[in-house]
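The values are calculated or read from the model by the stated rules, or taken from the named source; none is laboratory data. If you're wondering where the values come from, they're calculated on a predicted model, not measured in any experiment. Positions of Cβ are backbone-derived with ideal geometry, glycine not excepted, and every protein chain shown enters the neighbour counts.
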Amino acid sequence: MQYKNNRTLVLIAIFTLFFSQISNLAFAEDEHENEVPVWALDGATATSVETQKPLYQIGGATAALKRNEHRIKIKVDTAGLPLGAYTNWWILYNQPSNCAAAVCQLSDLFNPNTDASILWAAGAIIEGKKAHFKAKLSVGEIPGQLFFGDGLTNALGAQVQYIIKWHGPTSEDPDVLYDQLHNIADPNCETAPLPGLTGLGRCPDLQASDMFMP
């Protein structure tokens, strides 16, 4: 009897492993992936987020987005960023068919029919010439600061852009460093312009992915 029970347990374990592998494969096959270039922004000189423009495409830098009906995830490989603390931000247009043009613009953020949102994606400290960022977001998830909207509601259909924001040299104060890695406007940005910037008392958006289309 003990032998039969052991054999049954082994068979259950084999079938469980087999079906879990099939499930993982099916999930991977359902994912859609596309890759876009990364742009340098004039966030260091623009007077507002609405007026900043892409300056040039960064050679060799890419952003790759994978998505299925439940979530999106991104990997960014870039360069040319000053050392220091960074936050990354999702800009989401969950209903892009309601944008004014085929590719949604910042002005579409304020159209409630686009179901747009801006929220925290990740924080990182850059210490070298190259930078790598990763983030993922599930439908209905709010992983950090929510600046605007309701987050991700349409993973497969949303237009997605990824923003890289510099918060200056990393602080030795752990509380300030936490703000530098998590808040869209930490006190370090609000009190005085960062080194090398003119007329800005905020954290500049230095790079952004091109728009990911559904």
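Pairs please, first residue from region 88-99 and within 18 Å of residue 162 (Cβ to Cβ), second anywhere and in a strand (DSSP E or B) and of a type in the set (D, E, K, R), Cβ atoms under 8 Å, 6+ apart in sequence or on different chains.
As it stands, the answer is 88/165; 89/165, since those pairs meet every condition given.
Looking only at region 89-129, which residues are charged (D, E, K, R) and farther than 19 Å from residue 213 by Cα?
Taking region 89-129 and keeping what is charged (D, E, K, R), we get 108, 115, 127, 129.
Hits for region 89-129 are 127, 129.
Which of (1) modelled with pLDDT under 95; (2) crowded, with 21+ Cβ neighbours inside 10 Å; (3) hydrophobic (A, V, I, L, M, F, W, C) is the odd one out, the single condition residue 89 does not satisfy?
Exception for residue 89: condition (1).
Looking only at residues in region 48-74 that are at pLDDT below 95 and either small (Gly, Ala, Ser) or within 13 Å of the chain's Cα centre (by Cα) (or both), which one is surrounded by the most Cβ atoms within 10 Å (Cβ to Cβ)?
Quick first cut of region 48-74, residues at pLDDT below 95 only: 48-60.
Going one step further and asking which of them are either small (Gly, Ala, Ser) or within 13 Å of the chain's Cα centre (by Cα) (or both), we end up with 48, 59-60.
Numbers: 48: 9, 59: 9, 60: 12.
Checked region 48-74; the qualifying residue surrounded by the most Cβ atoms within 10 Å (Cβ to Cβ) is 60.
Hey, does region 107-123 have a residue that's in contact with a helix residue (DSSP H, G or I) (Cβ under 9 Å, 6 or more places away or on another chain), of a type in the set (Val, Ile, Thr) and free of Cβ contacts under 8 Å to residues at least 24 places away in the same chain?
yes
So which of 109, 152, 137, 156 is surrounded by fewer than 15 Cβ atoms within 10 Å (Cβ to Cβ), aliphatic (A, V, I, L, M) and in the same structural domain as residue 61 (by TED's automatic domain parsing)?
Just a single option satisfies the conditions, and that option is 156.
Take residue 169 and decide whether it is assigned by TED's automatic domain parsing to the domain that holds residue 113, surrounded by fewer than 20 Cβ atoms within 10 Å (Cβ to Cβ) and within 12 Å of the chain's Cα centre (by Cα). Spell out how you get there, then give the answer.
Details: assigned by TED's automatic domain parsing to the domain that holds residue 113: yes; surrounded by fewer than 20 Cβ atoms within 10 Å (Cβ to Cβ): yes; within 12 Å of the chain's Cα centre (by Cα): no.
For residue 169, the condition - assigned by TED's automatic domain parsing to the domain that holds residue 113, surrounded by fewer than 20 Cβ atoms within 10 Å (Cβ to Cβ) and within 12 Å of the chain's Cα centre (by Cα) - is not met.
Quick check on my filter: what residues within region 164-206 are on the phi > 0 side of the Ramachandran plot and at pLDDT 60 or above? If you could, list the steps in order and put the result at the bottom.
Of all residues in region 164-206, those on the phi > 0 side of the Ramachandran plot come to 168, 196, 199.
168, the sole residue that qualifies.
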